[in-house]
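Structure first, commentary second.
The values are calculated or read from the model by the stated rules, or taken from the named source; none is laboratory data. No experiment lies behind these values; they were computed from the predicted model shown. Glycine also receives a Cβ, built like all others from the backbone with ideal geometry; neighbour counts cover every protein chain displayed. To get the accessible areas, we keep the full protein, side chains included, count just its heavy atoms, and leave off ligands, DNA and RNA. Shrake-Rupley method; radii C 1.70, N 1.55, O 1.52, S 1.80 Å.
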Amino acid sequence: MFGTLRNKFQTVQEGLSASIRGLTTSESSKPKKKANVRNINYGAGADILHYFQLQWNELHELAELNAEKAQEADTLITNIYERLQEEWNGVSCLNSSIASIPKINNEIQILMDQIGSLQELFEEVEGAMFKLEDLNEILDLQSRQLDHRFQLALYKEKKLSELDSVRAKLAEEHSNKVLQHEIKQQKTLRERQETFEEAFKQELEEYKNTGCLLKLPALQQGPSLDEIELETNSADFHEFLDN
């Protein structure tokens with residue numbers, strides 16, 4: 001707009017210059033008539049030209065001043081426009097934000113509902129974890145019970161094996177004692193038999209020499225095998241064998 005105004009001032013300036021030049025040319029081209037020399041003002045054209053030049057200079061200065069003012073106004077208007085545009089953008093953003101408030105409220109409500117659902121799920125998971133801990137404790141207890149039972153079975157088997165070993169050892173000791181007792185009894189019987197044979201031989205010699213028999217004092221007879229009792233107490237052994 002201010003550029004157009006400046007062009008118009010330049011067009012007016014050029015038109016005035018052309019008019020002055022045409023006026024000067026037409027005056028110089030007209031045939032000079034004889035006139036009264038005293039009534040002619042030869043400096044009138046120069047005065048007019050000077051006047052118009054002064055007016056033109058003043059218009060030119062005013063045009064430049066107006067152009068500077070127009071430039072300042074244009075800068076100010078541009079700044080105002082940019083500021084208004086920023087404020088308008090801010091207002092538009094504010095309006096958009098205000099318009100989206102119900103949507104935000106709905107989304108917040110949805111999030112609150114989801115948080116409530118998650119809280120219920122957390123409580124269920126927490127309860128399930130407590131049950132899982134109880135189940136783990138029960139399984140651990142059962143595992144320890146099975147371990148104790150297994151250890152008890154191993155201990156029982158070990159003791160039974162030791163008991164069998166003790167039974168076998170006691171049976172072997174009993175057999176050895178019985179064998180030793182039988183050997184002792186056989187030795188005693190052999191000694192008695194030898195004693196009886198010696199007495200018989202003495203009686204036989206006496207009979208051959210004298211022709212009669214002398215009654216010898218009866219030898220102390222030892223107990224029979226049925227009357228012999230073991231010196232050891234076998235009650236524990238029989239009780240052990242019965243078990």
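For residue 158, tell me the accessible area in Å² from a 1.4 Å probe, rounded to the nearest 10.
120 Å²
Going toward the positive end of the dipole of segment 119-191, with +1 on Lys and Arg Cβ and -1 on Asp and Glu Cβ, which of 138, 152, 189 do you reach last?
189
Would you please report the Å³ per residue occupied by the convex hull of the alpha carbon atoms in segment 67-184?
Measuring per residue, one finds 140 Å³ for the Cα hull of segment 67-184.
If you take the Cα atoms of segment 130-195, find Rg, then find the Kirkwood Rh from the mean of 1/r over all pairs, what is Rg/Rh?
Rounded to two decimals, Rg over Rh is 1.67.
Sum up the charges of everything whose Cβ sits under 12 Å from the Cβ of residue 183, counting Lys and Arg as +1 and Asp and Glu as -1, but leave residue 183 out.
Net charge in that neighbourhood comes out at +3.
Would you please put 111-121, 53-63 in order of how densely packed they are, using the mean number of other Cβ atoms within 10 angstrom per residue and starting with the highest?
Ranked by mean Cβ neighbours within 10 Å, highest first: 53-63, 111-121.
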